[in-house]
Amino acid sequence: MPQLDHVGILVRDLELATTQWQRRLNVNVAHTFEAPALDIRATFLAIASAKIELYTIDDSKVLDLALGSASARLDHIALRFADNASEVVLSGCTIRGPGRPGPIEAPLRIADSDHIWIEPPGIDVLLQLITPAENTTQ
């Protein structure tokens with residue numbers, strides 16, 4: 001059974017959004033993350049039951065396409081699985097990366113986890129699925 005890992009919010013100005021969340025809700029930064037290859041930067045805010053991820057895309061064309069004229073939007077719900085997510089039915093789902101509508105070839109490896117983003121028909125909410133990375137031997 002998956003656990004709620006975080007709720008992702010795409011923002012135009014990461015520093016301003018982080019400051020506003022901290023000032024208005026008195027939450028602390030749990031950790032930050034950067035993926036230069038994906039042009040993504042994120043701040044994870046600690047709340048009692050999960051985390052809030054504020055993230056931005058440093059490619060202005062991609063960010064404008066994703067946000068339109070908005071300064072922020074709820075982007076995804078991230079679910080963490082203790083083992084592989086083989087029980088998840090992926091038929092009819094485009095497997096894609098963060099903040100982009102196009103498909104990806106394989107899960108993205110971030111730290112010790114594999115990540116995919118899907119929008120299952122009938123659920124119609126973007127989900128980020130996080131599973132432990134498979135061990136690779138060389």
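Glu53 fulfils the conditions (1) buried (at least 18 other Cβ atoms within 10 Å of the Cβ); (2) under 28 Å from Ala133 (Cα atoms); (3) in contact with a Ser or Thr (Cβ under 7 Å, 6 or more places away or on another chain) except for a single criterion, (3).
The residue that is farthest from the chain's Cα centre (by Cα), counting only those in segment 43-56 that are assigned to a strand (DSSP E or B) and either over 11 Å from Gly99 (Cβ atoms) or not hydroxyl-bearing (Ser, Thr, Tyr) (or both), is Ala46. Taking the criterion of being more than 19 Å from Ile57 (Cα to Cα) and surrounded by 13 or more Cβ atoms within 10 Å (Cβ to Cβ), the residues of segment 1-28 that qualify are Pro2, Asp5, Gln22, Val27. For segment 45-94, residues that are in contact (Cβ under 8 Å) with a residue 60 or more places away in the chain, closer than 23 Å to Ser113 by Cβ and touching an Asp or Glu at 6+ places or on another chain (Cβ under 8 Å) total 3.
Only the coordinates and a few stated rules stand behind these numbers; no lab work does. None of the values given here were measured: they were computed from a predicted structure. Positions of Cβ are generated from backbone atoms using ideal geometry, with glycine treated the same way; all protein chains shown enter the neighbour counts.
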